[in-house]
Every structure is written in structure tokens, then in C-alpha cells.
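Here the structure comes first, spelled out in C-alpha cells, and everything after it is commentary.
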Amino acid sequence: MEQGDARRLGGRAIPRRVLLKVVGAIAVLGSGAWLTACQKDAARVVDMVGQSKYAPAQLTIKVGETVTWRNRSTIDHTATGDPAKVLNRANVRLPTGAAPWDSGTIAAGQSWGRRFDVPGEYRYCCLPHELAGMVGTLTVEP
């Protein structure tokens, strides 16, 4: 082995091919972790669909993340976490210290987002479809 064909690590010579394979493997694994992180961010979306339901109906996020509600149906929806605005207060639950919230009307094809800074379990509903059971749960982890 010539001097230019190896690198020293801990007193041992490492062939250039081995070194390049290791660096390449680290790059591939690192890009996989980055893509996984991107997919996790994409999962912070709740679709409102024509069957008067949230998809997913349950979502877990971390403190400081934003959830986006997208109306994928042809009718208006809301995402409401305000017990004063609902017919059945059991359809809304907020952790201690969390302020009530309401998206207002989200028209077909539109979206609305909210950042969650207080950990705990949130239960919310769609005002026009509350009686149809359009209720979702959001868990915010520290």
C-alpha cells in the first residue's frame, strides 16, 4: 500500500476505499434521518373530509409545533377548541393553562394552522358537524 492510498486513524492505516465506503454509508444514513424528519413535519396535518370527520382523528405532536387543518371536502368546517362555542362541552377538552381557540369557517380547499405551546390533551370539534360526531383529539408532548 502506498502512502497516498491510506489514511491514519488511531495509529492504523485505513485503505482509501474503506474510508470512502464508510463516509458514503454515513452520508446515506444521514440523509435518511433528514428525510424521516421531513416526513414527521408533514404528519402535522389534519384533513377534514366529506364524511364529516378529521383524518387522522388522533394526532400526537411536540410542544411548539403547528398543526394545519386542511378542508379536503366540498363543505365548510371548523376546528374549534372552545367549550363556550360548542353544544356539548364534553366535545372540547383543554389542558390547564391552554387558551380556547376557534379556526372560524374553513371553506372547501382552504386551510388553517395553530401552534401548540401547552402540553396535554386537546379535544376539539367542528361546529357545523358536532352532532355528526366530528371530534378530534390532539396530544401535545413536552
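Mind running the shape call on the stretch 60-142? Use the C-alpha gyration tensor, a ≥ b ≥ c as the square roots of the eigenvalues: rounded below 1.5 for a/c, prolate if a/b tops b/c, oblate otherwise.
Oblate shape, in that a/c is at least 1.5 and b/c is the bigger or equal ratio.
Give me Lys85, Lys62 sorted ascending by neighbouring Cβ count inside 10 Å, so fewest comes first.
Least to most surrounded, the residues fall as Lys62, Lys85.
Would you order Met48, Met134 from fewest to most other beta-carbon atoms within 10 Å of each residue's own beta-carbon?
Lowest to highest Cβ neighbour count: Met134, Met48.
Give me Ile61, Ile75 ranked fewest to most by other Cβ atoms within 10 Å of their Cβ, as a rough exposure proxy.
Ile75, Ile61
Placing unit charges on C-beta atoms (Lys and Arg positive, Asp and Glu negative, everything else neutral), compute the dipole magnitude of the stretch 45-141 about its Cα centre in debye, rounded to 20.
Approximately 80 debye in magnitude.
Read-outs: derived from the displayed coordinates by stated rules, not from any lab. Just so it is clear, the model here is predicted, and its values are computed rather than measured. Every residue, glycine as well, gets a Cβ built from its backbone with ideal geometry; the counts of neighbours run over all protein chains shown.
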